[in-house]
Structures are given as structure tokens and as C-alpha cells.
Amino acid sequence: MILISLLLIWLLTSTANQPGVQAQSGTVSRSELILAMNTLRVSRGLPALIEDPIVNAVAQATAEIMAANYMSWHIGDVRGRIAAAGYGGGGTVWATENFAVGFGNTSVDEIMQAWADPEHMRPAVNPAYCHVGAGVAQAADGRYYYILQAAYSSDKACGEYKSVPGGDTESDTNPVPPVSQIITPVKIAKPDADGRIYHLVQAGQSFWSIAIAYQITIRDLEVWNNLSSDNDLIVGQELFIPTSSTEGYATPTPVWMVQMATPDPEGKIVHEVQPYQSLIRIGEAYKVKVETILAFNGLQADWPLQIGQKLLIDPGNVTPSPTPRPLSAIEQLTPASNGNYYHIVESGEYLASIADLYDINLAELMSWNGLNSSSIIQPGQQLLLRVTPPATVTPIPAITMQALPSATPTITQTPVAPTSTQELISTLPSVTDTANAETQPSLSRIGAPLVIVLVVAGVLLLVWSARRK
């Protein structure tokens, strides 16, 4: 049965009798691309894709355009280009496109390895697709561009459409793969002296090809290197490759390798940015919205983070300062040089609105300015306001209240270094003089009566003595 299926695939994908589609010597041919994808499709119990001349022509044109312009991404609107070429007979067309870039020694297995993710496996696993086409073109720098397109129309689908996990919807206009499409074989790195394996990224290598080569998952690469497969790898970048002997390999790791900062006693959390961390990943780790982090730190979304940068994640137990009430219009008045208050008329204002603004009587406003109900005011005109703005009270913070002076005033003297004992004595206040100054008035008040009493007592004593004689 398998032999019959493969024979059927070969017959359906054979292009030997079609002009301009023969494989160039030393590289993967269009028919090999189709055969490889159909082999995977048949192995999943699905019928082989039928090679369509329109899809073939569009795929070949795509390869030639991309090669001529050294493109590193899709041209775009694959379904629109295939429909414009006449596929589908005017019905709605659905299509997907895979591309890869490699040199003449690139094998079909390496191309299929680059297309091993769910996005690129749509033609092999989705029953809805009916037709296939491929194209191969060489760029001036020697590289080859490999294109494979699969399509079906609303008039005829070969099976029920199945959405791809993590992919887009049925539009399939241009999948956005998380892998590079330039093929470079992965050479397995040897362990270092400590038994650790580090892979040095080469041009054209992808997360998928590296993960497959080392028989690990893309998730392993992401977690152990604090990366995201949404971002491109950098040539020369060093990746740690975990193995079964790596300590903690099976241990759950923090979210996106973001080490959570410990809150201080008041609950304040400050995160220090590490390599390859982004606001999105940091926000996911702390379960905080990116907008909140931006607001706390006065940042903008397009400002790049710096390694070692401190980010406030949670201010902790902070009592917000009371918001002062806005000043009323009358409280905002500033006296003129003559001490009076004036309002400068602005465009669109009238007497009644000005009176309402300052909460004053309209008749009084007109009386202060010699106006009546028929008077017309002009922008820039000064209107006298015979008002007394209330004093604005500035609240004293609680910490300031502790520093208020006590009921008993204290005198603070600034010590001055004396040059002699006499100078020191002369600079000290005279406590004795101060005491005498305070007691002398008391003696002067009681001195005269005391003298009178003594004189009278003396006279009486003399009289008493004389009588006894």
C-alpha cells in the first residue's frame, strides 16, 4: 500500500514533461519539494496534493522575484496573487506559502526540517488543501530560493479545514513563522571541560533546526537561554543546550526566566532588568500590565530597556497624598498696584457669566463699574471687583507639627570661640543684674510704709518708757 501511495505521489508530482521546471543540477528540484510534502501528507492518511499549473507558475514567479531582490521575507498576499492568475475560477481562494533559502548543497531534508513547525506544515496536515505548486530560483550570490504553495477554493475543498494550533485563522494569506528560512546545517557542539554544551549560532540557523539537531524542544532553548522564539537569533550568539544530565533540567523554571524580586517590608517591588528581558515578559511574570509599569517609571512603550535598569513594579503600602481642592475664581485673584481686584474680559464673556464666575450679585458688578443692562463689554476691558478673596490656608504636614515650639520658649545661643577669658566673660549675659533688676522694683514699693511703721513704733516705745519713770 505504501509503495502504491508513493508511486501515486511520484506520478502526480512529476514535472519532467513541463517546460522550465526541471531541477537545476546540484540543488533540490521543484518536484522534490512537492514529493517531500506529499510524503508527509500521505503518511498522515490524507490524499496527496494535486500539482496545479497555475499554482506552479505563481510559485516559480515568486522564487524568481525573491531571488532577484535578495528578499528575506514573503512577498505577501499569496492568495490574491494565485487568484489573480486564474486559480479558483473567480471563487474565494485560500492559500499558504513556504519559502527557504540555501546553497546548492542544501538537501530536501534540511528544507523540510526548517518547515517542521505547525505554520509550515499546513500543506501536510490540513485536509482542506487540494493543489500544490513549487518554484526554485538562483540569486546572483549563488543562493537558491525554494517556494512551495498550497491552495484550495471556496468552490472545492478537498476536506474539512482544520485550524493550526498557534497559527492564524483560515485566511492563510501569509503565515508569520517564528523561524528563519535560510538553511544552514547545524553542527553539534562538543561538551566543555565541565560537561556543558554551548552552541554557537551560525548564519541561517533557526530555533527549529537547532532544537531538532540536539533533540530538545524550542521551549527548552527559550527557557534555558532566557529567549523568545518570536525574536531572531543573532549570528555568533551562544546558546546553552540542556541535556538529561543538566541539573534542574526537569525542574519548572520561572516565567520566561524572569527572577522575581522580593518585596521589601512595606511591599515595594523593584525589578532589575536582565539580558533579553522585555516589558511584556516582565509584566507577565509579575502579573502587572505593561501600562502600569510604564506609568510607575515614567517610561514610554518604545523606549528600550537597559540591562541593570531598575523598574518599580509595585510601590507597596504608600498612602496617597490628599489632592488639594482647586482654587475658586475669586481665590485666584491677584490685587493690582492700587490694591483693587479686576477681571479682564475675555471673548465670549458677558456680565451675567462674570458675576456667576465670582459668585457675586450682577447689580453690584454693574454698579461698581458704572454699567447698566444695556452696556456692552469688550474683550480686554477691566472690570472692578470690590471683593475680598478668602485667605488660602496651606495645610501643615503632620511631620511639621512635631517641630512647633513648646509653650515655654527656649533661647538658643550660637557659641563663639573666645580669644581670652575677659572676652568670654563679657559675652555671657549677666544673670545677677537681671535678678536685681527684677527685685528692685519690689523693694521700692514696700520701703516707705516700712519706715513709717518703724518710726511710729519708736515713738510709742519712748512714751511708754517715760511714763514708767
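What the table shows:
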{"quantity": "Charge context of Asn317, other residues only, Cβ under 15 angstrom, K/R +1, D/E -1", "calculated": "-2"}
{"quantity": "Rounded accessible area of Val459 (nearest 10 Å², 1.4 Å probe)", "calculated": "80 Å²"}
{"quantity": "Heavy-atom accessible area order for Leu227, Leu450, largest first, 1.4 Å probe", "calculated": "Leu450, Leu227"}
{"quantity": "For the range 332-373 versus the range 188-225, the gap between their alpha-carbon centres in whole angstrom", "calculated": "79 Å"}
{"quantity": "Probe 1.4 Å, all protein chains present, accessible-area order of Trp94, Trp303, largest first", "calculated": "Trp303, Trp94"}
{"quantity": "Per-residue SASA entry for Asp232, accessible area with 1.4 Å probe, Å² rounded to 10", "calculated": "140 Å²"}
{"quantity": "Rounded to the nearest 10 Å², the accessible area of Asp264 at probe 1.4 Å", "calculated": "60 Å²"}
{"quantity": "Solvent exposure, largest accessible area first (probe 1.4 Å, DNA, RNA and ligands not counted), of Met37, Met366", "calculated": "Met366, Met37"}
{"quantity": "Neighbourhood net charge (11 Å Cβ-Cβ; Lys/Arg +1, Asp/Glu -1) for Gln378", "calculated": "-2"}
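The values are calculated or read from the model by the stated rules, or taken from the named source; none is laboratory data. Fair warning: this is a prediction, and the values are worked out from it, not measured in the lab. Neighbour counts run over all protein chains shown; Cβ positions are idealised from the backbone, glycine included. In case anyone asks, the SASA skips ligands and DNA or RNA and just uses the protein heavy atoms, side chains included. Shrake-Rupley method; radii C 1.70, N 1.55, O 1.52, S 1.80 Å.
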